[in-house]
Amino acid sequence: NNPPYNTGAFRFELTFSPSHPLEPPCVTLRTPIHHPSVDLEGRVCQPLTTQEHWEPGTRAIQVLQDLLLQLDSPDPQRVLRPNVARELQERPEEFRRRAEEHTRLHAEPRPD
């Protein structure tokens, strides 16, 4: 919902293991994104879905809400791409420009 990603729609995959809810789901972004917490393979640095922090009572909607919050508000502390995190901290205007361009090139149109 927030710039620089609000002009496009992003696909992601939520995969549940046979041991769910004892094991967390795996979240993968299928749409490329210029974001410090998402690596080039689409893996997301989302502490909520790590073995260390996972609670079996956590619902899928909570995982999705946490993902959306994280994508809307990049956190330089949740880093899978240090160069992008550094860009966000040191050159925020350049980061925003690159993220907007990446969104324009790779994201799908947002549904109405």
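Annotations
- Cα centroids of the range 46-112 and the range 1-26: 10 Å apart.
- Percent carbon-and-sulfur accessible area, the chain, ignoring ligands, DNA and RNA, probe 1.4 Å: 51
- Extents of the range 1-49, taken as max minus min of Cα coordinates on every principal axis and listed largest first, are 36, 18, 18 Å.
- The rule of thumb for compact globular proteins, 2.2 N^0.38 Å, goes into the C-alpha radius of gyration of the range 10-112 1.12 times.
The values are calculated or read from the model by the stated rules, or taken from the named source; none is laboratory data. Keep in mind that what you see is a predicted model, and the values were worked out from it rather than measured. Accessible surface areas use protein heavy atoms only, side chains included; no ligands, DNA or RNA. Shrake-Rupley method; radii C 1.70, N 1.55, O 1.52, S 1.80 Å.
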